[in-house]
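Enquirer: Here's a structure for you.
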2 protein chains.
Amino acid sequence: MPVFLDTTDPGFEPAFAALLGAKREDSPDVDAVVAEIIADVRARGDAAVLELTAKFDRLDLTTETMRFSPAEIEAECAKVPDSERAALETAAARIRAYHDRQMPEDASWTDAQGATLGWRWTPVSAAGLYVPGGLASYPSSVLMNAVPAKVAGVGRLAITVPTPDGVVNPAVILAARIAGVDEIYRIGGAQAVAALAYGTETIAPVDKITGPGNAFVAAAKRRVFGKVGIDMIAGPSEILVIADADNDPDWIALDLLSQAEHDESAQSILICTDAGFGRKVARAVDKRLETLERRAIAGASWRDYGAIITVRDLDEAASLSDRIAPEHLELCVADADGLSAKITHAGAIFLGQWTPEAIGDYVGGPNHVLPTARSARFSSGLSVLDFLKRTTLTRMTPQALSTIGPAAETLARSESLEAHGLSVTARLARLND
Amino acid sequence: MPVFLDTTDPGFEPAFAALLGAKREDSPDVDAVVAEIIADVRARGDAAVLELTAKFDRLDLTTETMRFSPAEIEAECAKVPDSERAALETAAARIRAYHDRQMPEDASWTDAQGATLGWRWTPVSAAGLYVPGGLASYPSSVLMNAVPAKVAGVGRLAITVPTPDGVVNPAVILAARIAGVDEIYRIGGAQAVAALAYGTETIAPVDKITGPGNAFVAAAKRRVFGKVGIDMIAGPSEILVIADADNDPDWIALDLLSQAEHDESAQSILICTDAGFGRKVARAVDKRLETLERRAIAGASWRDYGAIITVRDLDEAASLSDRIAPEHLELCVADADGLSAKITHAGAIFLGQWTPEAIGDYVGGPNHVLPTARSARFSSGLSVLDFLKRTTLTRMTPQALSTIGPAAETLARSESLEAHGLSVTARLARLND
């Protein structure tokens, strides 16, 4: 049974705080092991990667077979049914169109003092994308990471995907090819992250690593941060649905279950203005759970972390939503735009009852890599900006320097940085000659 | 003596690689200590912060005196000479004007399938700014962190600045007031970072922490990343100057020294097309080092990490520059714009001989918090974007869902996520009723 809460209940506040504070992830402390793996890969390169792959993935590779050959890629792609290929191409095109619009503008202007200022965006030269193996080896995630990188102009994009016992999801390989990925390696875990960050004899180092992974991958990304850029550390998925009574309870139930089925640690929350509607949704969830393929996972998630909260009105719903700062937020209300305007913290908003969150997972266009665990308070979903960096530009004329320079001399003196000041003073002296 | 290199020398490549790989920072492993401090602050709040402040800063505070009162702020500000106040106000105005232009646009459009897509930017609600104490307590850094936060619309901005033995730099307090900082606390070290991230009885938690600090601060920021957002982990400062022979050697010498005087681990590199000019600059550096106030620091930096590299032409200079990916890049050449266009990786570029880097430290307008240690390959200087986050928006019409939805159903089936597919199927079924 999920938790039922009502904001008019005097015990609401502590119960809601408990819901917010619930620790859904038992992330094992693998940091020491990961540190050793990274040191090993830095010291021994390919040899370490191959040994660790044999150990963890039960797969004997060589430096030659570590990377998928063009023929192997071709063979995997050929296994994907046409309908899936067409769907992946539709998804890639829509993701590309959305992310194309994110490309930021360069700028340059000259101010009243005569200083010409601006900035310029350039792509990261090389990026690495970690793709999990096994159950969570999702072709959609390949598109969501690789397409923005290529839109940004990343020259070299390498994927690592573990293939335990040699098994790979062909759709992952096809998605990589559709997205324009340049290299695919059959490795995973902390050793793959280390290889991408530091390079080996076979794998050239990259500048940025993105993509989800297990505790080892997350710990490794945290450790190599600084040597390379990383994206966020992803936690279990979450959805918050705000719905009025004018919805089909079964639709809302399916939306809640589409997060719950990801992971036993996923969290699905419904906020509704009508307690009776909430009960109907709960019954619809139970009914769907009778037959759902992943009912064991979805059922556990719903039982342990699910919640149905009845609120007085939609303003209260917006306020609770901001405290949750959900990864995914569905607004199934008559005036979804009006309610959306009241929301400050959310990774992605889905407006109206015809926009199930699953559309955003695949073909909406916006990225499905989104901030979890309340981090929408301070971070954003993946975008082209993650694969770009900005260089600021400054040009002074002699006149501009004579106007602005003295303030710099004063501040340099105040900070006891004499050479800073003198670098201005020496130039101004020439002007006064 | 700095290193003298010449690209025509057969030994150049290994020597340049050694220069690139030089480990300039001996960051002590303080991670275990920092983990304990954070756990202590989480468990005991104010009490832990007060004890640690007494221990490390030799300062007995109470929960009442932990924060600067309005009267104390007023008293500190009154100590700052008028010329410095005016310079800080000039700097703040220029930094504000530059960062105002960085504010990104929201977007919304409806595509051919009838899907309305877009995004919206919102500010982080609360941010914390770490300001180092002692020698590196720079008012300019307060402006560079606080002004972008306020331009972004951060509602609550708290500063922590350690005041060892009770000593504070009044200009830091004035800079905070000019920038519109809301709260100033007399605490520092890992305990300050922990207090900002997790909150105590006196300090409300923030969502994002920025600002430079020592090894303890850096380790603490790395540890609280995820609970809150952080900016980059800053390393020692660097400058690369590319100069032709048509420059005053003394100006270039001062520009190199203005980085070297920051820190014994700072690095100043000159790339020039004329070996004779390089020798003149080296002599000018030596001459300035005879009298420079911070000659001990600047001299050590220049001796241990300084380099003068002679290249065949400016194309070669651009190529070496990209391998260095410098934090600061000065282009003292006739066609600085032309050379700038050939550069891909740099935190900030200063164009022409009338633009000493020190202008960018104080009053140019662009941020002086920039990527160090070659991280300009994948990251950017601080900007308003560090204090904003983006929410993606998606709205499907029934028509759009019927066009796009089937691809989502196919991909959901392929990923064995049945509820994802059913959430679309159930809606499409209604349309076909």
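The values are calculated or read from the model by the stated rules, or taken from the named source; none is laboratory data. Source: prediction; values computed, not measured. All Cβ positions, even for glycine, are placed from backbone atoms using ideal geometry, and neighbour counts span all protein chains on display.
Enquirer: Considering each residue of the range A:312-323, count those that are in contact with a helix residue (DSSP H, G or I) (Cβ under 8 Å, 6 or more places away or on another chain) and buried (at least 23 other Cβ atoms within 10 Å of the Cβ), and give that number.
Expert: Of the residues in the range A:312-323, 1 are in contact with a helix residue (DSSP H, G or I) (Cβ under 8 Å, 6 or more places away or on another chain) and buried (at least 23 other Cβ atoms within 10 Å of the Cβ).
Enquirer: Looking only at the range A:372-386, count every residue that is within 16 Å of A:M103 (Cβ to Cβ) and among the hydroxyl-bearing types (S, T, Y) and tell me the total.
Expert: Result for the range A:372-386: 2.
Enquirer: Within the range B:62-118, track down each residue that is in the same structural domain as B:P170 (by TED's automatic domain parsing) and aromatic (F, W, Y).
Expert: B:F68
Enquirer: Same structure again: Which one of these is more than 14 Å from chain A (Cβ to nearest Cβ) and either touching a Ser or Thr at 6+ places or on another chain (Cβ under 9 Å) or at negative phi (or both): B:G211, B:G235, B:G226?
Expert: Step by step, each of B:G211, B:G235, B:G226 is checked, and only B:G211 is more than 14 Å from chain A (Cβ to nearest Cβ) and either touching a Ser or Thr at 6+ places or on another chain (Cβ under 9 Å) or at negative phi (or both).
Enquirer: Only one residue in B:P212, B:P205 is part of a loop (DSSP other than H, G, I, E, B) and at pLDDT below 95. Which one?
Expert: B:P212
Enquirer: Moving to a separate point now. Kindly evaluate B:F216 against the criterion of being surrounded by fewer than 24 Cβ atoms within 10 Å (Cβ to Cβ) and not assigned by TED's automatic domain parsing to the domain that holds B:T344.
Expert: yes
Enquirer: Whether any residue in the range A:87-103 is within 30 Å of B:G114 (Cα to Cα), of a type in the set (K, R), within 8 Å of chain B (Cβ to nearest Cβ) and in contact with an Asp or Glu (Cβ under 9 Å, 6 or more places away or on another chain) is what I want to check.
Expert: Yes, the range A:87-103 has at least one match.
Enquirer: Same structure, new question: Quick one: B:R58 ticks every box in (1) on the phi < 0 side of the Ramachandran plot; (2) surrounded by fewer than 18 Cβ atoms within 10 Å (Cβ to Cβ) except a single one, so which number is it?
Expert: With respect to (1) on the phi < 0 side of the Ramachandran plot; (2) surrounded by fewer than 18 Cβ atoms within 10 Å (Cβ to Cβ), B:R58 is out only on (1).
Yes/no matrix, rows are residues, columns are (1) in contact with a Gly (Cβ under 8 Å, 6 or more places away or on another chain); (2) of a type in the set (D, E, K, R):
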{"residue": "A:K150", "(1), (2)": "yes, yes"}
{"residue": "A:G155", "(1), (2)": "no, no"}
{"residue": "A:A158", "(1), (2)": "yes, no"}
{"residue": "A:P162", "(1), (2)": "yes, no"}
{"residue": "A:V172", "(1), (2)": "no, no"}
{"residue": "A:R177", "(1), (2)": "no, yes"}
{"residue": "A:T200", "(1), (2)": "yes, no"}
{"residue": "A:V224", "(1), (2)": "no, no"}
{"residue": "A:D244", "(1), (2)": "no, yes"}
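Enquirer: Residues being charged (D, E, K, R) and more than 7 Å from chain B (Cβ to nearest Cβ): count how many of those fall in the range A:403-423.
Expert: So the answer is 2.
Enquirer: Something else about it: Taking the options B:L385, B:L351, name whichever one is touching a Lys or Arg at 6+ places or on another chain (Cβ under 8 Å), modelled with pLDDT of 95 or more, surrounded by fewer than 24 Cβ atoms within 10 Å (Cβ to Cβ) and not assigned by TED's automatic domain parsing to the domain that holds B:L129.
Expert: B:L351
Enquirer: Let me ask another. Say we look at the range A:397-415 and pick out the residues that are of a type in the set (S, T, Y) and modelled with pLDDT of 95 or more; which of these is farthest from B:S137 (Cα to Cα)?
Expert: A:T397
Enquirer: Just to be sure I understand, how many residues within the range A:219-230 are among the charged types (D, E, K, R) and crowded, with 24+ Cβ neighbours inside 10 Å?
Expert: Matching residues across the range A:219-230 total 1.
Enquirer: Now a separate question. Which of the following residues is modelled with pLDDT of 95 or more, outside any helix (DSSP H, G or I) and over 30 Å from A:I324 (Cα atoms): A:L61, A:L50, A:L5?
Expert: Result of the check over A:L61, A:L50, A:L5: A:L61.
Enquirer: Is it the case that the range A:262-283 has a residue that's within 11 Å of chain B (Cβ to nearest Cβ), of a type in the set (F, W, Y) and touching a residue at least 24 places away in the same chain (Cβ under 8 Å)?
Expert: no
Enquirer: Among the residues of the range B:237-246, is there at least one that is of a type outside the set (D, E), farther than 24 Å from A:R427 by Cβ and surrounded by fewer than 20 Cβ atoms within 10 Å (Cβ to Cβ)?
Expert: Within the range B:237-246, not a single residue is of a type outside the set (D, E), farther than 24 Å from A:R427 by Cβ and surrounded by fewer than 20 Cβ atoms within 10 Å (Cβ to Cβ).
Enquirer: Tally the residues that are touching a residue at least 12 places away in the same chain (Cβ under 8 Å) and more than 16 Å from the chain's Cα centre (by Cα), restricting the search to the range B:339-356.
Expert: The qualifying residues number 10.
Results for (1) in the same structural domain as A:A17 (by TED's automatic domain parsing); (2) surrounded by fewer than 23 Cβ atoms within 10 Å (Cβ to Cβ); (3) farther than 16 Å from B:W121 by Cα, shown as yes or no for each residue.
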| position | (1), (2), (3) |
| --- | --- |
| A:D337 | yes, yes, no |
| A:A341 | yes, yes, no |
| A:P356 | yes, no, yes |
| A:R374 | no, yes, yes |
| A:K389 | no, no, yes |
| A:S402 | no, yes, yes |
| A:A412 | no, no, yes |
| A:A419 | no, no, yes |
| A:S423 | no, no, yes |
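Enquirer: Shifting gears a bit: What are the residues in the range A:168-207 that are out of contact with any Leu (no Cβ under 9 Å at 6 or more places or on another chain), over 18 Å from A:E64 (Cα atoms) and surrounded by fewer than 22 Cβ atoms within 10 Å (Cβ to Cβ), if any?
Expert: Residues satisfying the conditions are A:P170, A:R177, A:Y198.
Enquirer: Related question: Looking only at the range B:94-137, how many residues end up being modelled with pLDDT of 95 or more, closer than 29 Å to B:R186 by Cβ and surrounded by fewer than 20 Cβ atoms within 10 Å (Cβ to Cβ)?
Expert: Here the count works out to 2.
Enquirer: Continuing with the same structure: Going by the conditions given, is B:A275 surrounded by 24 or more Cβ atoms within 10 Å (Cβ to Cβ) and of a type in the set (G, A, S)?
Expert: Spelling it out, it is not the case that B:A275 is surrounded by 24 or more Cβ atoms within 10 Å (Cβ to Cβ) and of a type in the set (G, A, S).
Enquirer: State all residues of the range A:138-159 that are surrounded by fewer than 21 Cβ atoms within 10 Å (Cβ to Cβ) and in contact with a helix residue (DSSP H, G or I) (Cβ under 8 Å, 6 or more places away or on another chain); if no residue qualifies, say none.
Expert: Listed by number, the list holds a single entry, A:G153.
Enquirer: Please determine whether any residue of the range B:18-29 is in a loop (DSSP other than H, G, I, E, B) and in contact with a strand residue (DSSP E or B) (Cβ under 9 Å, 6 or more places away or on another chain).
Expert: Taking every residue of the range B:18-29 in turn, at least one turns out to be in a loop (DSSP other than H, G, I, E, B) and in contact with a strand residue (DSSP E or B) (Cβ under 9 Å, 6 or more places away or on another chain).
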